[in-house]
Amino acid sequence: MTETLSTATDVEVGKLTGSIGAEIRGVDAGAPLGDATVAAIRKALLEHKVVFLRAQRLDYDSQVAFAERFGELTLGHPIYGGPDGRPHLRAMDSRGEGTRANHWHTDLTYLAKPPSFAFLHNKVCPPVGGDTLWANTAAAYANLPAGLRALADGLRIVHSNDCDYTDDTYSDGGYRTNYLTDIFEAEHPAVRVHPETGERSILIGGFARRAVGFSPQSGRDLIRVLHEYATKPEHTVRWRWQTGDLAIWDNQATMHYAVHDYGTAHRLGERVTVTGTVPVGVDGRPSEHLRGDVSY
């Protein structure tokens, strides 16, 4: 039997805000997709930074098959790996080990090559709450005052899994000990040039530890100021999850925040990520690996 492939003309893209986010309709991510359809989704993703597809019926194999159309996949996590038989999966489980990501962050920036794209499929929604926010860090860069933008262009920031984000997220001693068995550090430009679009975006988030060449206090102040611009409401979108939703975001030009306002209710999403490239700054200088196993 010949399979019918969806075409680019089936893809409907509806903006959610003026600066970030779009909902895609007319696509079944678990079905065979033509190259033109995948190209249309990728185009929307690069333009809107995060896109959402409602009511997707995906298991591990179909989620992996869909995500692989966008590039080679990483392991589920550089510290925890992935579940047996599902090496590319990271379960974002509110009842699991340290996965309550209620801080602004870009995924895994303590690595020299953070993932490029992330695909998060919602499996369990709490009755109320549990939204996720994303921020467009390219729009934030474009809206920086000229003087601050010039400073950011030359700034380098060290990111680590041993940071304030870790202190809060892994507050239980056992979780923290496991998470910090291996310390990862990478030095990134504060402003990276997107490898596909050429856009400049702010690269900070919860793993940002210190600014190179500045005192600890001065570095924290610089990171805080850039963070405030990146997370202004005008640069954000908020998504109210439904079971089956699939969110895809450009990890090279966004930060996100999983709101923990659902008490002890269960929240579960399953994420796979596409391998990224080494970030490059405005001056052409790439990020540097400083510490940790780079086999991820």
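The values are calculated or read from the model by the stated rules, or taken from the named source; none is laboratory data. As the structure is a prediction and not an experimental result, all values here were calculated from the model. We place every Cβ from the backbone using ideal geometry, glycine too, and count neighbours over all the protein chains shown. For the accessible areas, the whole protein counts, side chains as well, though only heavy atoms, and no ligand, DNA or RNA atoms are used. Shrake-Rupley method; radii C 1.70, N 1.55, O 1.52, S 1.80 Å.
Among the numbered conditions (1) open to solvent by 20 Å² or more (accessible area, probe 1.4 Å); (2) under 19 Å from residue 206 (Cα atoms), tell me where residue 135 comes up short.
Single failed check for residue 135: (1).
Does residue 240 meet the test of being in contact with a helix residue (DSSP H, G or I) (Cβ under 6 Å, 6 or more places away or on another chain) and either more than 14 Å from residue 107 (Cα to Cα) or buried (at least 21 other Cβ atoms within 10 Å of the Cβ) (or both)?
Against the criterion (in contact with a helix residue (DSSP H, G or I) (Cβ under 6 Å, 6 or more places away or on another chain) and either more than 14 Å from residue 107 (Cα to Cα) or buried (at least 21 other Cβ atoms within 10 Å of the Cβ) (or both)), residue 240 does not qualify.
(1) within 21 Å of residue 213 (Cα to Cα); (2) touching a Lys or Arg at 6+ places or on another chain (Cβ under 7 Å): which one isn't true of residue 154, the others all being true?
(2) is the only condition that residue 154 fails.
Could we say that residue 143 is surrounded by fewer than 23 Cβ atoms within 10 Å (Cβ to Cβ) and under 28 Å from residue 66 (Cβ atoms) here?
no
When you go through (1) in contact (Cβ under 8 Å) with a residue 60 or more places away in the chain; (2) part of a loop (DSSP other than H, G, I, E, B); (3) over 16 Å from residue 271 (Cα atoms) one by one for residue 46, which number turns out not to apply?
So the condition that residue 46 fails would be (2).
Identify the single condition in (1) open to solvent by less than 10 Å² (accessible area, probe 1.4 Å); (2) touching a Leu at 6+ places or on another chain (Cβ under 9 Å); (3) modelled with pLDDT of 95 or more that residue 120 does not satisfy, given that it satisfies every other one.
Failed condition: (1).
Which of the residues spanning the stretch 183-208 are under 15 Å from residue 159 (Cα atoms), modelled with pLDDT of 95 or more and surrounded by fewer than 22 Cβ atoms within 10 Å (Cβ to Cβ)?
185, 187
What's the number of the condition residue 220 fails, among (1) farther than 22 Å from residue 96 by Cα; (2) in contact with an Asp or Glu (Cβ under 6 Å, 6 or more places away or on another chain); (3) surrounded by 15 or more Cβ atoms within 10 Å (Cβ to Cβ); (4) not polar (S, T, N, Q)?
(2)
I need the full set of residues from the stretch 52-74 which are part of a loop (DSSP other than H, G, I, E, B) and surrounded by 18 or more Cβ atoms within 10 Å (Cβ to Cβ), in order please.
Once the filter is applied, which keeps residues that are part of a loop (DSSP other than H, G, I, E, B) and surrounded by 18 or more Cβ atoms within 10 Å (Cβ to Cβ), the stretch 52-74 yields 56, 58, 74.
Give the number of residues within the stretch 75-96 that are in contact with a Gly (Cβ under 9 Å, 6 or more places away or on another chain) and open to solvent by less than 20 Å² (accessible area, probe 1.4 Å).
2
Which count do you get for residues in the stretch 87-118 that are in a loop (DSSP other than H, G, I, E, B) and within 19 Å of residue 244 (Cβ to Cβ)?
The number of residues fulfilling the criteria is 2.
Is it fair to say residue 22 is in contact (Cβ under 8 Å) with a residue 12 or more places away in the chain and open to solvent by 50 Å² or more (accessible area, probe 1.4 Å)?
The answer is no for residue 22.
Would you call residue 248 part of a strand (DSSP E or B) and open to solvent by less than 50 Å² (accessible area, probe 1.4 Å)?
yes
Closer than 26 Å to residue 227 by Cβ, at pLDDT 95 or above and crowded, with 21+ Cβ neighbours inside 10 Å, is that true of residue 49?
Considered against the rule, which asks whether it is closer than 26 Å to residue 227 by Cβ, at pLDDT 95 or above and crowded, with 21+ Cβ neighbours inside 10 Å, residue 49 comes out as yes.
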